[in-house]
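Engineer: Below you'll find the structure I mean.
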Amino acid sequence: MRIGALAEATGTTARALRHYEQAGLISSERGSNGYRSYDERAAVRVRNIRHLLAAGLTLDDVRVFLPCLDGDVAAALPSDTGLRVARERLAVLNQRIAAQTDARDRLEAALRERTAERIRPVA
């Protein structure tokens, strides 16, 4: 199947597929015309990649799951390595959320302070 058909079948874009291929997560054959050709199993693999990305993992994280990307990743029991990677990613996300929450709180406080200054009567 050509890249456009795979993109349509998996709800992604040709650009994302090329990115997954460059990352070593999927592979294709090249025809004499230079077009990429994917086998039918690529659709399962791409859906699994998208599932893992939607869960918050990165492409680097997804590499850990390479041995099981051709199966049902959502239903399979995760390996110890997979659990470790997921926990590490969760910790990173929690740190980012905490940092963003702190930034929001500081901005909110600064705005409240400035708004209060504008409302104070001038003596």
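Engineer: Within the group Leu57, Leu53, Leu66, which residue is out of contact with any strand residue (DSSP E or B) (no Cβ under 6 Å at 6 or more places or on another chain), in contact (Cβ under 8 Å) with a residue 40 or more places away in the chain and under 21 Å from Thr81 (Cβ atoms)?
Structural biologist: On the way: Leu57 fails: in contact (Cβ under 8 Å) with a residue 40 or more places away in the chain; Leu53 fails: in contact (Cβ under 8 Å) with a residue 40 or more places away in the chain.
Of the residues listed, the single one that is out of contact with any strand residue (DSSP E or B) (no Cβ under 6 Å at 6 or more places or on another chain), in contact (Cβ under 8 Å) with a residue 40 or more places away in the chain and under 21 Å from Thr81 (Cβ atoms) is Leu66.
Engineer: Among the residues of the stretch 105-118, is any farther than 20 Å from Arg15 by Cβ, out of contact with any Pro (no Cβ under 7 Å at 6 or more places or on another chain), surrounded by 13 or more Cβ atoms within 10 Å (Cβ to Cβ) and of a type in the set (A, V, I, L, M)?
Structural biologist: Step one: of the stretch 105-118, the residues farther than 20 Å from Arg15 by Cβ are 105-118.
Subset that is out of contact with any Pro (no Cβ under 7 Å at 6 or more places or on another chain): 105-118.
Subsequent filtering for residues that are surrounded by 13 or more Cβ atoms within 10 Å (Cβ to Cβ) retains none.
Checked the stretch 105-118: no residue is farther than 20 Å from Arg15 by Cβ, out of contact with any Pro (no Cβ under 7 Å at 6 or more places or on another chain), surrounded by 13 or more Cβ atoms within 10 Å (Cβ to Cβ) and of a type in the set (A, V, I, L, M).
Engineer: Sort through Arg18, Arg47 and tell me the only one that's modelled with pLDDT of 95 or more, of a type in the set (D, E, K, R), under 28 Å from Asp80 (Cβ atoms) and surrounded by 14 or more Cβ atoms within 10 Å (Cβ to Cβ).
Structural biologist: Values: Arg18 fails: under 28 Å from Asp80 (Cβ atoms).
Going through Arg18, Arg47 in turn, the sole match is Arg47.
Engineer: Check the stretch 104-120 and report whether any residue there is modelled with pLDDT under 90, among the β-branched types (Val, Ile, Thr) and farther than 30 Å from Gln22 by Cβ.
Structural biologist: Yes, the conditions are met somewhere in the stretch 104-120.
Engineer: Let me ask you something else. Just one of the numbered conditions (1) surrounded by fewer than 15 Cβ atoms within 10 Å (Cβ to Cβ); (2) among the small types (Gly, Ala, Ser); (3) at pLDDT 95 or above is not true of Ala42; which one?
Structural biologist: Among (1) surrounded by fewer than 15 Cβ atoms within 10 Å (Cβ to Cβ); (2) among the small types (Gly, Ala, Ser); (3) at pLDDT 95 or above, Ala42 violates only (1).
Engineer: Can I ask one more? Among (1) out of contact with any Leu (no Cβ under 9 Å at 6 or more places or on another chain); (2) within 19 Å of Cys68 (Cα to Cα), which single condition is Arg45 missing?
Structural biologist: Exception for Arg45: condition (1).
Engineer: Can you pull out the residues in the stretch 56-71 that are in a loop (DSSP other than H, G, I, E, B) and closer than 17 Å to Val46 by Cβ? Explain how you work it out, then say what you get.
Structural biologist: At the first step, the residues of the stretch 56-71 found to be in a loop (DSSP other than H, G, I, E, B) are 56-58, 69-71.
Selection gives Leu57, Thr58, Leu69, Asp70, Gly71.
Engineer: Another question, then. For the stretch 37-55: of the residues being more than 15 Å from the chain's Cα centre (by Cα) and not in a helix (DSSP H, G or I), which is farthest from Gly24 (Cα to Cα)? Break it down into steps so the answer makes sense when it comes.
Structural biologist: Step one: filter the stretch 37-55 for residues more than 15 Å from the chain's Cα centre (by Cα), giving 37-44.
Subset that is not in a helix (DSSP H, G or I): 37-40.
Numbers: Ser37: 15, Tyr38: 14, Asp39: 16, Glu40: 17 Å.
Only one residue tops the list, namely Glu40.
Engineer: Return the residues of the stretch 60-92 that are loosely packed, with under 11 Cβ neighbours inside 10 Å, among the aliphatic types (A, V, I, L, M) and at pLDDT 95 or above; say none if nothing qualifies.
Structural biologist: Passing the criteria: only Ala91.
Engineer: Ok, one more. Which members of the stretch 21-33 meet the condition of being within 22 Å of Leu57 (Cα to Cα) and either touching a Cys at 6+ places or on another chain (Cβ under 9 Å) or buried (at least 18 other Cβ atoms within 10 Å of the Cβ) (or both)?
Structural biologist: Keep residues of the stretch 21-33 that are within 22 Å of Leu57 (Cα to Cα), which gives 21-27.
Passing the criteria: Leu25, Ile26.
Engineer: Could you list, in sequence order, the residues of the stretch 72-123 that are over 21 Å from the mean Cα position of the chain (by Cα), β-branched (Val, Ile, Thr) and in a helix (DSSP H, G or I)?
Structural biologist: Answer for the stretch 72-123, where residues must be over 21 Å from the mean Cα position of the chain (by Cα), β-branched (Val, Ile, Thr) and in a helix (DSSP H, G or I): Thr101, Thr115, Ile119.
The values are calculated or read from the model by the stated rules, or taken from the named source; none is laboratory data. Because the structure is a prediction, the values reported are computed rather than measured. Here the Cβ is made from the backbone with ideal geometry for all residues, glycine too, and neighbour counts use every protein chain on show.
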